[in-house]
Amino acid sequence: MQLTAHELAHVLFLNLSAKEEKTYRKSLGWDKNPDGTSKRAGKFVDQDGQDSVEEDFANNIESFLFEPERLKSVTPAAHEWILKHLSKDFGLKKDCADEKKQ
């Protein structure tokens, strides 16, 4: 299930509006290099997130859905961005991990 969520998050990233992608990049501190690649400072929930903004996004969505407390502690800006911009699209009223506890 997590792998499916991660791969669907790649599709979601490709379908973000230019404005949404820009706010994601800005919120997390992604900067474009002159050669067209991107980078950001800080911690990543998975190290391959350093490879690209798209991979970072997919990792963060996966963590938001399956390990929200980890995402909050490692990359709180990603957690906040997802809550603000996407949680209503997921139909979430609370973190998915909270559902498992009930």
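The values are calculated or read from the model by the stated rules, or taken from the named source; none is laboratory data. Note that the structure is a prediction, hence the values are computed from the model and not measured. Using ideal geometry, Cβ is built from the backbone for each residue, glycine included, and neighbour counts are taken over all protein chains shown.
Restricting to region 86-96, and then to whatever is of a type outside the set (Gly, Ala, Ser) and in a helix (DSSP H, G or I), can you tell me which residue is modelled with the lowest pLDDT? Within region 86-96, the match that is modelled with the lowest pLDDT is Cys96.
Of all residues in region 13-24, exactly one satisfies the criterion of being surrounded by 16 or more Cβ atoms within 10 Å (Cβ to Cβ) and within 16 Å of His79 (Cβ to Cβ), namely Tyr24.
The residue of region 29-85 that is surrounded by the most Cβ atoms within 10 Å (Cβ to Cβ), among those that are touching a residue at least 40 places away in the same chain (Cβ under 8 Å) and assigned to a loop (DSSP other than H, G, I, E, B), is Thr75.
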